[in-house]
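The values are calculated or read from the model by the stated rules, or taken from the named source; none is laboratory data. These figures come from a predicted structure and were not determined experimentally. Here Cβ is always computed from backbone atoms with ideal geometry, including for glycine, and neighbour counts include all displayed protein chains.
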There are 2 protein chains.
Amino acid sequence: MPQRPFELAEFLPYRMTVAAERLSAGMARRYRDEFGISVAEWRVLVHVADAGAVSIRDIHSRVHLEKSKASRAATRLEAAGYVTKTVNETDRRLISLTLTDQGQALMQDLTQIARDYQARLDALLAPQLDALNAALDTLETQDL
Amino acid sequence: MPQRPFELAEFLPYRMTVAAERLSAGMARRYRDEFGISVAEWRVLVHVADAGAVSIRDIHSRVHLEKSKASRAATRLEAAGYVTKTVNETDRRLISLTLTDQGQALMQDLTQIARDYQARLDALLAPQLDALNAALDTLETQDL
DNA sequence: TTGACACCGTTGCATTTGCAATGAACAGTG
DNA sequence: CACTGTTCATTGCAAATGCAACGGTGTCAA
């Protein structure tokens, strides 16, 4: 008996990937041209702004960035003058990333853009917002 | 007045990206070792299995794959003996991708794996499934 | 028919990516 | 102290990626 053809358009991993790409592109479009920041750099900045002096390891575990990707993003951000890299004196294997004044100014703008974008998405998805967040909680925590 | 710190963990583009990565990894884990297929190749296979003789352009527009990525995936699938590449005789710019017998056998296995995985996800997300799909519809069609 | 233009798949190439290996630094044991 | 094993950030390197450019093909109007 021939099965109903498999529909990629209904396959959740595919749908989620496409949606995530659109969301990231929508966000990137709002800041890339003006600030020249990549997604990896954006994640590093958010975590540094939130948590203060953080190590590469922190970033790796907290914002889902490959260790080498985090390291390279931090290097670029330092070169651009947004963060400072210091050796952690209590454990000299670690580095301490800190925002410069320029980095703090950048984050003022970027977080405002992000908040606006989130508000737009919340409005767009209002009828399903709670369920969507519950679904994302499940997908984050359950074994898939 | 200092704003409440920006929470990346609540930012939808980030959450969706992380969830999509987990879903894709969960799926890939179920077929990669046994069949040695990449995500791009999987998408090409699904579309060829569903639509018959398809061109690279078809794949590009239907399953969200970069043109060059689709082309290279098709080349690898041909080398592996899963598809056949033919010049479309009515328009010689196009190619016709078709499943070989071996490719059809592969798809039997792969679609079964995908159906099982989808069933598992549906069960896991049952309470939010309808809302999740509605949200994904919105994210696919709306301007973000 | 010719010419200008658009579209197709492939490929060259610079950049990015992910993984493993490296060297430096710590922790704990004998 | 010496030794072993672990953890950290970086880097080397092969593979993947994305974009533009190319040659080949079709279309349509002059």
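Here A:Val46 meets the list (1) under 21 Å from B:Val18 (Cβ atoms); (2) of a type in the set (Val, Ile, Thr); (3) out of contact with any Leu (no Cβ under 8 Å at 6 or more places or on another chain) almost entirely, failing just condition (3). Checking B:Thr75, B:Thr98, B:Thr84 one by one, the residue that is at pLDDT 95 or above, over 20 Å from A:Thr17 (Cβ atoms), part of a helix (DSSP H, G or I) and more than 14 Å from every other protein chain (Cβ to nearest Cβ) is B:Thr75 and no other. Selection over region B:127-144 of residues that are surrounded by 13 or more Cβ atoms within 10 Å (Cβ to Cβ), over 17 Å from the mean Cα position of the chain (by Cα) and modelled with pLDDT under 95 gives a count of 2.
Has region A:111-130 got any residue that is within 11 Å of chain B (Cβ to nearest Cβ), away from DNA strand D (no atom under 16 Å from the Cβ) and over 23 Å from B:Ala19 (Cα atoms)? Let's see the steps before the verdict.
From region A:111-130, those within 11 Å of chain B (Cβ to nearest Cβ) are A:111-115, A:117-130; that's our starting set.
Retained after the next criterion (residues that are away from DNA strand D (no atom under 16 Å from the Cβ)): A:111-115, A:117-130.
Filter again for over 23 Å from B:Ala19 (Cα atoms), leaving A:112.
Within region A:111-130, one or more residues are within 11 Å of chain B (Cβ to nearest Cβ), away from DNA strand D (no atom under 16 Å from the Cβ) and over 23 Å from B:Ala19 (Cα atoms).
Condition check for B:Leu65 on (1) out of contact with any Ser or Thr (no Cβ under 7 Å at 6 or more places or on another chain); (2) of a type outside the set (Lys, Arg); (3) more than 30 Å from A:Val63 (Cα to Cα): one failure, at (3).
Filtered by the rule that a residue be part of a loop (DSSP other than H, G, I, E, B) and touching a helix residue (DSSP H, G or I) at 6+ places or on another chain (Cβ under 8 Å), region B:1-35 gives B:Gln3, B:Pro5, B:Phe6, B:Glu7, B:Phe11. Total residues in region B:24-36 satisfying the condition of being in contact with a Phe, Trp or Tyr (Cβ under 9 Å, 6 or more places away or on another chain) and either crowded, with 21+ Cβ neighbours inside 10 Å or under 24 Å from A:Arg62 (Cα atoms) (or both): the figure is 4. For region A:36-60, taking the residues that are of a type outside the set (A, V, I, L, M, F, W, C) and in a helix (DSSP H, G or I), the one that is farthest from the other protein chains (Cβ to nearest Cβ) is identified as A:Arg57.
May I ask you to verify whether B:Leu77 is touching an Asp or Glu at 6+ places or on another chain (Cβ under 6 Å) and surrounded by 13 or more Cβ atoms within 10 Å (Cβ to Cβ)? Quick ask: steps written out before the conclusion?
Working: touching an Asp or Glu at 6+ places or on another chain (Cβ under 6 Å): yes; surrounded by 13 or more Cβ atoms within 10 Å (Cβ to Cβ): yes.
Taking the combined requirement at face value, the residue satisfies it.
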